[in-house]
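Q: Got a structure for you, written out below as structure tokens; questions coming shortly.
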Amino acid sequence: MILRRALAGWLGATLFAFAQGTAWAQISASSEFIELKPAIPVSTGSKIEVIEFFYYGCPICYELQPQMSRWLVVAPNYVALRRVPVLSLENWEPFAKLYYSLEILGQMERLHWPVYDNFHFDGILLNDEKVMVDWVARNGIDPRKFTETYHSAEVQGRLAKVQEIMKTYNLRGVPTIVVDGKYVSSARLAGGTKQLMQVVDQLVRRARQERAQ
């Protein structure tokens, strides 16, 4: 448990490592965000895309959730949130598969926060498939249907897309938030999870203004 949390915390603190030759440029050494040059196309049409890269085992991602939830209540209606469960180490895959299985079954909004709570606060090892199946059953999901979904080609396809988007954004840490394919911030850059959502709110409005120009 201690080793897992220490590793997750280290990954949360070590937020960005850029590949040689990347076209990204940091605005300044003290900046609360990084600007991507060139910007990466989004798939949300007229809405401002906000991507949250996360890992259920990361304590900083867990700390971010109440801040994110409060922000979503007051966020402009032109915002489209997209959550991406990051794949890094081999033992990260079960959590990503859990996320997409719950999403496919229409249970993600109901159980997203409980996954964090039950793992970090209650110590339930939800990255273990057997524990996971028992947990979803206790939360009103047919365990057979969940297991079929968990091992489905659809979930594998979504994991493949995660690998692609991680390469696209050259992602190296969580939590990371990308606004409109142009701006990247994190708890470390912003100075904390509360400050991160304040920065995200500002970047969303900035991106909206830039689109209008």
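Q: Can you tell me the order of 104-114, 57-67 when each peptide is scored by its average per-residue count of other Cβ atoms within 10 angstrom, highest first?
A: Top to bottom by mean Cβ count within 10 Å: 57-67, 104-114.
Q: Further, regarding this structure: Can you sort Asp180, Asp134 by how many other beta carbons sit within 10 Å, fewest first?
A: Ordered from fewest to most neighbouring Cβ atoms within 10 Å, Asp180, Asp134 come out as Asp134, Asp180.
Q: Please find the FRET efficiency linking Lys194 to Glu148, where r is the Cβ-Cβ separation and R0 is fixed at 45 Å, and quote it to the nearest 0.05.
A: So the FRET efficiency works out to roughly 0.65.
Q: Could you tally the net charge around Asp201, taking each other residue with its Cβ under 14 Å from the Cβ of Asp201, Lys/Arg +1 and Asp/Glu -1?
A: On the way: positive: Arg70, Lys194, Arg205, Arg206, Arg208; negative: Glu32, Glu52, Asp180.
So the surrounding residues net to +2.
Q: Per the Debye formula with a single identical scatterer at each Cα and no solvent contribution, what log10 I(q)/I(0) holds for segment 78-153 at q = 0.14, 0.15, 0.17, 0.21 Å⁻¹?
A: These q points yield log10 I(q)/I(0) values of -0.43, -0.49, -0.63, -0.96.
Q: Where the convex hull is taken over the Cα atoms of segment 2-212, what is its projected area averaged over directions, in nm²? Please report the intermediate quantities before stating the final value.
A: Details: hull surface 47.9 nm².
It is 12.0 nm².
Q: Given R₀ = 30 Å, FRET efficiency for Lys130-Lys161 by Cβ-Cβ distance, to 0.05?
A: About 0.65, to the nearest 0.05.
Q: Within segment 2-212, what percent of beta bridges assigned by DSSP are antiparallel, to the nearest 5?
A: If we restrict to bridges inside segment 2-212, about 60 percent are antiparallel.
Each reported figure results from applying straightforward, stated rules to the coordinates on display, with no laboratory input. These numbers were taken from a predicted model, which means no experiment stands behind them. Heads up, the Cβs are rebuilt from the backbone with ideal geometry, glycines too, and the neighbour counts pull from every protein chain shown.
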